Amino acid sequence: MTSLWWIPVLPLLGFVVNGAVALVSSSRRARRGEGGGPLPYGERLFHGLVGVGTVGASGVLAFAALVPWTQQSLAGGALPVVETVFKWMFAGDFSVDLAFRLDALSALMLSFVTFVGTLIHLYSVGYMQEEEGYGRYFAFLNLFMFAMLTLVLGANLPVLFIGWEGVGLCSYLLIGYYYDKDFAVAAGKKAFVVNRVGDVGFVLGIFGVLALFGTTDFSFLESARHQLVSDTAPLSVYTVCLLLFLGACGKSAQVPLYVWLPDAMAGPTPVSALIHAATMVTAGVYLVARTSSVFVLAPDAMTLVAWVGAGTAIFAASIGLAQNDIKKVLAYSTVSQLGYMFLACGVGAFAAGMFHVFTHAFFKACLFLGSGSVIRALHHEQDMRKMGGIAPRVPQTFRTMLVATLAISGIVPLAGFFSKDQILGSVAAAGQWTLYAVGVVTAGMTAFYMFRLVRMTFAGEFRGTPEQEHHVHESPATMTVPLWILAAGSAVAGFIWVPFGVSSLLPRFLAPALAELPEHEMSHGAELGLMALSLGAAIAGIALAVRWYTGRPAPEHAGEKPPGEIVVSPAAAAFCERAGALGTLIKNRWNVDEGIEALILGPFRSIGRFLWKGFDALFIDGIANASAFLVELTGDLLRFFTTGNIRNYALGFTLGALFLVAYALFR
Amino acid sequence: MSVSPAAFLAAGTVLFVIGLVGALLKRNALSIFLSIELMMNAVNLLFLTYGRMRGDPSSHVIVFFVIAIAAAEAAVGLAVFVALFRSRQTIEVDRINLLKW
Amino acid sequence: MTPELLLFALAAGLAIVFALAMVVEKTPVRSVLSLVVTFFGITVLAVMLAAPFIAAIIMIVYAGAILVLFLFVIMLLNLNEEAREKDSRPVQRVLGLVSALALGGLLLGLTLRAGKPPVEPSTAGGRIPAVDEIPLVGRLLFSDYLFAFEAVAVLLLAAAVGALILSRRRMD
Amino acid sequence: MSPAAFFLLAAVAKIAVVWAVMLAALLPNLVWMERRGAGLIQDRPGPNRVGPLGLFQAVADVLKMFLKEDVTPLYVDKLLHTVAPAILLVPALTTFAVIPFGSSIPVFGREVKLVIADVNIGILYVLALTSVGVYGLVLAGWASNNKYSLLGGLRSGAQVISYELSMGLAAIATFVTAGSLKPSAVVEWQVQTVWNCIPQAVGFVVFVVAAFAETNRVPFDLPEAEAELVAGYHTEYSAFKFGMFFMSEYANMIAASAMIVTLYLGGWSLPFVTFTGLWGGLLSIAVFWAKTLAVICVFIWVRWTLPRFRYDQLMNLGWKVLLPLSVANLLVVAWIVAMKGPA
């Protein structure tokens, strides 16, 4: 058994080395007056080797740790492994160790975080090679891996919180990677600020857990499991759950804290794939699953989680229908899929939620990396209206993306089908039919916008500039190999939990780490029916998208290529016209950003302006100026004592001492 | 038979006062500094006497510190004088009144 | 008159006389030399107070290092005579003398009152005891006073660096 | 006889013995030895006219010093000019108070340790005296009112202060192993184990070099470098005052040699020999002085063999070589002692 703490520490080492080298190298370049442009090959090789190597090594360590543990666990159960590195803080009865924990939940997370993480690092080697900030990029990416692994492996809430904030920081740093672009900086700031709102909830939630259970170590889950609802003051449990959920909402981009994620696409595409699709954003789901034993004590909180999840799912999917930026579509799709996961958690199907986290990591990472490959092929063109027809030129990208798209749409037997079906099945089993309906509709919408993406990107004729068209080319092997591996993962990852208990590996594995809820039994027939329903919705969505988005100009515009126009079939155009106001609203993303601006930020700004102009400038400055004036006055008087002659001062000293001694002697 | 501690105390105090008079009346910065060294040592003597009276070896430690700090002070002070002399060609304190308003 | 008293009178007398000489003397070099003799007297007094270690340290550090530094500076700056002209601040002079003497009187009163011994006075000026006080002081230095000890070490380093920087010649 | 009186008497007797050996036997003959040694090294006879082998040359020299006119130049600071040689001589003569010059002898049924004052701050006493000795040189230089003298005085002051550090640090290492600041304890330790010059070879070398510098002997005789400074700090001295400088140089040399012998060469002891009883005690005295004489011979040998350092070389050697060496030596020794645990 390897030491667990090496797993996060290795990427940290990578961060230190890469960061130091990048700092030295960039300052040297700046000193020599060399401008931007790609790094020399040697430096790139070094950064790539260190970056991929440390993460890969940590992945190897992780699998070396978790494979035997998993085998043992499946064979007959294994206790969680807790490894204490040192005592972190202690006061009175309270103490927190810097400790790492390997149990079913963290093993699951660990497996795909290190796996997908390594692939994305590898992909970045090719994707980022023309970037000036290559070293900085790998340093931050390594730091992110460190934080994420700390988050996953943390054996108590404070350690988890280190990772939680660490991934937030890295997310900020990497969204703002192009720090010379205003929108990237603004997006980074937005992500940071919105995450803070959630983090307040999380921190308070940690204190709440401490107050409820007297410890922040995950052992509190055991006590929670053996607790009856009536044992605790329910209100406090609700509060804790809601606070923790607030934190999860922030990190996992749930309504209303989702607004940062679409903007986060300003970062490099591999970052979007790793942080904003596969790993970090699922931390919220992980947190809810981790504390599931607490959540089940508060059924109404669970309901809230389910409704927020379902709402987010359909809301984000609706926005995704009308986005033209390829990464924005994927971003809203991510938000929507995260909604699914919370929906699952909300109805008590934590295992199903985690299952979707697992499969989603594969196909969403694959989609993002594929989109990155497309963007790179088109010279940083992200607007799908200027794409089209490039499938033959980038065959590998196209094929892998198609697999992943089918997976996310829920086509049997790809990964997304099993996980999504598991969620919907659980919702139905819980008797939440409204939520179920929302889920099915969302599934249809998902299939529609994903195929809209594929069609607009790959089908039909090219709509960009001839120059772009000339340069379209397939990506190098460092990028296509990860794509293929992830595509394969999207295809087969679902088989760890095939329905009807044929080989229900995952639930058996996860059961010890999650809360136990009474099973809702459904007949196989009903289950099959539901499955057919969701599959049908998906196929319907696909069919519609394929019909509408032909990628060829309408017959009446044949021959011309109006760039920047969505090329749709007449039926689609007619539908859009009929949709009218609702369509516009969807296109404008339900005006959420504007609403936040008007309702929250606007008033804040007004208050701020008042405090600045009215309170600060007049009142505070008045006090400061008045006291300054007083000091000046006093100083003017006192400066006559400042003769500048040391002997005068010494005499003053002596007289003072005289006075003190006299006081001591005669008092 | 031995000497009463009061005698030591008196000797220390007299030395201290002599040092004080020197510090107040001398005009040469170096002489003032010398007087201050004398005052410190007078105080050291008092410390040792009190320590002896109370049977407390801590007094030795404190004197030790006083000496160490005096050494630091002397090094910096003398460096200041040298620097001062370089720029003003004198270290008469009456002619050095840079600290004036 | 016991031998101890005689020794005390000699040492204290030496110290006080040469301290006065230091103040009165106009030549800085002679002032320094007088102070050395004063320190010698103080050293003897320290030995009588059963502090031979401190006595040696005073001799080594004060006489051997600090005052030699003074001599160096005096010789470097060529300070042969103190200013001959009249003190430009007579009031300061009188006031200083008066206040210093007054303070001295008060202090004498204070110390003598404190000198009313809580311990038998016979322990004060005896022969050097057989007890070796160096390990005692050493142990105190590295236990109770460890922090102060480290702080003084840092202070000395800072002083050394500061003195170097202050006294180096400007290269421009 | 009361113990106190005995103590007093014994002390006086010991002082008498030491000073007799030093002033009467060693000092004058050292001058002869030095000059004869120089002759030997430079392949010439040296003084050989006064008495057999020129042995009475010393007497003649002393007489000459005493009888010459004592010139006090006009513009010197008369008081300091007179006091300075005395200040220089006193520490050299009083250093011997703490040096054990023999084991112990039984006198009237009492065992008398052959050390004048076996105080527990022995090394500090020696260092304190050395530091007082600086004043003699510096003041002589200053009081002479002569720039050569002043330069010589300043040089010697800086030199002595610089090398005192390394010397003290090197010596402390021997006290660390002995576990006491008493020189007699260091000798005891060497008697029981091994001479310090073997386990502390580094400290030994540092100490010897620093001792050369402390005594202002070649190759460290910059304060009186005749080629540059005429005669350095004693340019303005003549007759008896000059004689005192002359004497103090040799007295210092004897004291330094005695310290070297005490700290590093086993003091009065010889390997595999125990000195007991009256004769043993007397023999140990002889051993001590023989060793000291041997070291003095090294001093003389070096003087007539090596050229003088340049001033910057001197400072470099002192601060950049000897001081780090002695600190490192002290650290290593202290570490080893600490590892072994308290003795």
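Only the coordinates and a few stated rules stand behind these numbers; no lab work does. Not measured: the values here are computed from a predicted model. Positions of Cβ are backbone-derived with ideal geometry, glycine not excepted, and every protein chain shown enters the neighbour counts.
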inquiry  = What three numbers, in Å, describe the spread of the alpha carbons of region A:90-231 along their principal axes, ordered from the longest?
reply    = 59, 30, 29
query = For D:M253, what is the net charge nearby, where nearby means another residue's Cβ is under 13 Å from its Cβ and Lys, Arg count +1, Asp, Glu -1?
reply = -2
ask   = Pick from D:V71, D:V295, D:V191: which is most flexible by mean-square fluctuation in a GNM of chain D where alpha carbon atoms under 10 Å apart are linked?
value = D:V71
query = Convex hull over the Cα atoms of region A:391-438, averaged projected area in nm²?
reply = 3.8
ask   = Which of the listed residues, A:L367, C:F39, A:A155, is farthest toward the dipole's positive end in the protein assembly as shown, when Lys, Arg count +1 and Asp, Glu count -1 at the beta-carbon?
value = C:F39
note = Averaged over the residues of C:38-45, the number of partner chain Cβ atoms within 10 Å of each residue's own Cβ comes to 5
remark   = With the dipole of the protein assembly as shown defined by +1 on each Lys or Arg Cβ and -1 on each Asp or Glu Cβ, the option from A:A664, A:Q422, D:C197 whose Cα lies farthest towards the positive pole is D:C197
query = Separation between the A:H473 and A:Y179 pseudo-spin-labels, each 7 Å from Cα along Cα→Cβ, expressed in nm?
reply = 3.2
Quarter of the Cα convex hull surface for chain D, i.e. its orientation-mean projected area (nm²) = 19.1
task = Output the Cα-based Rg and Dmax of region C:1-85 in Å, rounding Rg to one decimal and Dmax to a whole number.
result = 14.7, 48
note = With -39,500 (n - 2.57) per DSSP H segment of 4 or more residues and division by the full residue count of chain A, the 222 nm estimate, nearest 500 deg cm²/dmol, is -22500 deg cm²/dmol
key: Cross-link pairs A:K190/A:K251; B:K26/D:K78; A:K190/A:K328; D:K182/D:K320 - those with Cα-Cα distance over 20 Å   = B:K26/D:K78; D:K182/D:K320
message = Based on C-alpha coordinates, I'd like the Rg and Dmax of the protein assembly as shown, in Å.
response = 45.7, 140
request  = Give me the distance in nm between label points sitting 7 Å out from Cα along the Cα-to-Cβ direction at B:D56 and C:A158, one decimal.
outcome  = 2.7
ask   = About the Cα centre of the protein assembly as shown, what is the dipole size in debye to 20, counting +1 per Lys and Arg Cβ and -1 per Asp and Glu Cβ, all else neutral?
value = 2180
ask   = Relative to the longest principal axis of chain A, what angle (0 to 90°, nearest 10) does the C-alpha long axis of helix A:477-492 take?
value = 70
key: Residue of D:F246, D:F272, D:F309 that the Gaussian network model of chain D assigns the largest fluctuation, springs spanning Cα pairs under 10 Å   = D:F272
query = What FRET efficiency would be calculated for the residue pair A:E222, A:D300, taking the C-beta separation as r and a Förster radius of 30 Å, to the nearest 0.05?
reply = 0.80
note = Rounded to a whole number, the mean other protein chain Cβ count within 10 angstrom for residues of D:72-82 is 1
request  = Along Cα→Cβ, 7 Å out, is where each label goes; now give me the distance between the ones at D:A11 and D:A290 in nm to one decimal.
outcome  = 3.2
ask   = How fast does region D:96-164 diffuse by Stokes-Einstein, in µm²/s, taking the Kirkwood radius from C-alpha pairs at 20 °C and 1.002 mPa s?
value = 149
inquiry  = Can you report the principal axis dimensions of region B:5-88 using only the alpha carbons, biggest first, rounded to whole angstrom?
reply    = 50, 25, 9
ask   = Could you give the dipole magnitude of region A:152-212 about its Cα centre, charging the beta-carbon of Lys and Arg +1 and that of Asp and Glu -1, in debye to the nearest 20?
value = 80
ask   = Looking only at D:A328, D:A185, D:A211, which one moves most when chain D is put into a Gaussian network model with springs between Cα atoms under 10 Å?
value = D:A328
key: D:A334-D:V90 FRET efficiency (beta carbon distance; Förster radius 25 Å; 0.05 resolution)   = 0.15
message = In Å, what Kirkwood hydrodynamic radius results for region D:24-161 from the alpha-carbon pair distances?
response = 18.4
request  = Only loop residues by DSSP count here, and only those with at most 12 other Cβ atoms within 10 Å; note down the trypsin sites (Lys or Arg not before Pro) in region A:568-653 that meet that.
outcome  = none
query = What is the mean projected area of the alpha carbon convex hull for region A:63-105, to one decimal in square nanometres?
reply = 3.8
ask   = To the nearest 10 degrees, how steeply does helix B:29-54 sit against the main Cα axis of chain B, on a 0 to 90 scale?
value = 20
query = Once the Cα atoms of helix B:58-88 and of chain B are each reduced to a long axis, what angle between those two axes, in degrees from 0 to 90 to the nearest 10, is obtained?
reply = 10
query = Can you work out D for chain A in µm² s⁻¹ from Stokes-Einstein, where Rh is the Kirkwood radius over C-alpha pairs, the temperature is 20 °C and the viscosity is 1.002 mPa s?
reply = 79
